[in-house]
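Just below is one structure, and these are the notes that go with it.
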Amino acid sequence: MTFKTKLLQAALFTALGVLGTGAGAQTIRVANQGDALSMDPHSLNESLQLSVTGNIYEGLVGRNKDLSLAPALATSWKQTAPTVWRFELRKGVQFHDGTPFTADDVVFSFQRVAGEGSDLKSNVNEIAQVRKVDDHTIEITTKSPFPILPDQLTTTYMMSKKWCEANQATRPVDRRKGIENAASFRANGTGPFRLRERQPNVRTTFSRNGTYWGKIDGNVAEVIYTPIGNDATRVAALLSGEVDVMEPVPVQDIDRINASPAAKVLTGPELRTIFLGMDQKRDELQYSSVKGKNPFKDKRVRQAFYQAIDIDGIKKTVMRGLSNPTALMVGPGINGFIPELNKRLPYDPEASKKLLAEAGYPQGFEVTMNCPNDRYVNDARICQTVAANLSRVGVKINLAAETKGTYFPKILRRDTSFYLLGWTPSTYDAHDALNALMACPDEKGAGQFNLGAYCNPKLDPLIKSIQSETDKAKRNAMIKQAFEIHTADIGHIPLHQQALAWGVSKKVDLVQRADNYMPFKWMSVKK
């Protein structure tokens, strides 16, 4: 036995020791490369976090297996005026502590999402008022017509007003400031699973909610969620049967898992776009060798970075073919995706060198790049490859790759010069990405994840018009115009849409959605 093999076995033993030995026939053990950073459903607008907490909490509107809208805590909704929506709330619903769910909880939850510390302000920044009509009816008034409001609310989860007040959790956990409260570690939702135990970065255990208002299709009574950051350890855990579901599967291990007798890999397209952002606001680039100015304010520099990146090389060597290079910040499957605009600038290192020289950097410069190493498929390797590509045109990248637990708080404070991020529009509509990633940042939530503060004043009025336009042809024309402006500016550097790859035991049935959410209510252990 080699030393490397011994190390791998030791790592597997350590990681799986936390799973326990009491797993029964209706227990499913899930492993992911990272953990949800909090149980507070308003603390981080990240799909893994929202997927995990979405088993405990629910919105007024949900999603079916095919991603179509589904009634959740609201049974129906309708527009009563161009800017007014009425939602009829589901009766007889209880939070996990037995407290009835009412309109008071809805009004409170919307206030909490819009308040200090929330990372989901962009979900509600166009809402002017949420008003209680009676215990089971609310009205939402928007600042302008907003035909896709129901789509916008699927990840705006409802919390108990009484529980939050009793537990001093009326404000969200602020990941930027490292502030925690009771909602970080405990939970009280209305969803199909209850939080039984929470050990951050070690193990989180969920139990089936026996008083759930709806149907739970699966037969699972318990889900044990364990973060296993090491790829080889995670794969070994699946192949040995110590975990039943894991993601992401390293692309180089897909064939090996599919050839095993006990597991398979579910693959499919994902709606997430991976991209690079650049600080375009500071007058002096913070983490750079350039003093007294900011190179990224010059479009020629942004274009030089773009054309220095060998995206086909990343697809071939890093992603093993499981990526879709993109020129846009949204991909196929998103309403408003425009195929004819999806044409990347050519990979051309010589053109990059020329652009840098024209911008006043003939020898290049040095800059720090922030990157997670446990969030997206091969995220650290993508950043390493980008760094190597840029070195060929004279740009030295100081790569700061770190766990998402420290990465997200840092970049969400905009404490970054150059970064990698991924985004799945929660509405599955281009407006979501335009509003969150490309609008000029403001205190109300627009541009909340435009972390480099790209800003073109021509874009903001278009985004607002896209939001309220009901004529599909006119709306798509405006979306096209907005993407043309952003593309011409090189506001960001889109890279690719990654593919989904889940490792699943052959004794487990589940549903894989293109948004990479994993609802436990659709999981079953085969009998």
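The values are calculated or read from the model by the stated rules, or taken from the named source; none is laboratory data. Just so it is clear, the model here is predicted, and its values are computed rather than measured. Glycine also receives a Cβ, built like all others from the backbone with ideal geometry; neighbour counts cover every protein chain displayed. Ligands, DNA and RNA are excluded from the accessible area calculation, which covers all protein heavy atoms including side chains. Shrake-Rupley method; radii C 1.70, N 1.55, O 1.52, S 1.80 Å.
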5 angstrom amide H check on L89, placed H, neighbours 5+ away: T75, T137, I138
Against the rule of thumb 2.2 N^0.38 Å, how large the Cα Rg of segment 318-426 comes out: 1.20
Cα-based reach from K65 at 16 Å (exclusive), listing aspartates and glutamates while leaving out same-chain residues under 8 positions away: D151, D217, E270, D509, D515
Karplus (6.51, -1.76, 1.60) ³J(HN,Hα), θ = phi - 60°, over segment 265-278, in Hz, Gly and Pro reported as x: 10, 8, 10, x, x, 10, 7, 7, 10, 9, 8, 10, x, 9
Extension reserve of the Q26-S68 stretch, reckoned as 0.36 nm per residue once the Cα distance is removed: 12.3 nm
Unmatched cysteines, the chain - criterion: no other Cβ of a Cys under 4.7 angstrom: C164
Lysines with Cα under 25 Å of K132, excluding same-chain neighbours fewer than 8 positions away: K78, K91, K121, K143, K161, K162, K444
Prolate/oblate/rounded call for the chain, Cα gyration tensor, a/c under 1.5 rounded: oblate
Amide H within-cut-off set for A439, under 5 Å, with H built and near neighbours excluded: G447
Value at 222 nm in deg cm²/dmol, rounded to 500, when DSSP H runs of n ≥ 4 in the chain each add -39,500 (n - 2.57): -7500 deg cm²/dmol
Residues whose placed amide H lies under 5 Å from that of L60, excluding near-sequence neighbours: L73
Charge context of E126, other residues only, Cβ under 11 angstrom, K/R +1, D/E -1: +4
Three-way shape call for segment 80-216 based on the alpha-carbon gyration tensor, with the a/c threshold at 1.5: oblate
In Hz, Karplus ³J(HN,Hα) per residue of segment 311-319 (6.51, -1.76, 1.60; θ = phi - 60°; x = Gly, Pro): 5, 5, x, 4, 4, 6, 9, 8, 9
Whole-Hz couplings from phi, Karplus 6.51/-1.76/1.60, listed for segment 40-55; x for Gly and Pro: 6, x, 10, 8, 8, 8, 10, 5, 4, 4, 6, 5, 5, 5, x, 7
Cα-centred dipole magnitude for segment 359-498, charges only on beta-carbon of K, R (+1) and D, E (-1), debye, nearest 20: 140 debye
Shape category assigned to segment 170-246 from the gyration tensor of Cα positions, a/c cut at 1.5: oblate
Signed unit charges on C-beta, dipole axis of the chain, positive-most listed residue N55, N258, A103: N258
The chain, accessible area per residue, ligands and nucleic acids excluded (1.4 Å, Å²): 38 Å²
Segment 163-205 versus segment 414-454: alpha-carbon centroid distance in Å: 25 Å
Percent accessible area from carbon and sulfur atoms, the chain, protein chains only, probe 1.4 Å: 50 percent
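Scanning the chain for helices, which whole DSSP H stretches are 20 Å or more long along the axis (Cα) and average -0.5 or more by Kyte-Doolittle?
Those that pass (Cα extent of 20 Å or more, hydropathy at least -0.5) are 3-17.
Between L345 and T470, what FRET efficiency follows from the Cβ-Cβ distance if R0 is 30 Å, with the result rounded to 0.05?
0.30
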Ratio of Rg to Rh over segment 410-527 (Cα coordinates, Kirkwood Rh, two decimals): 1.09
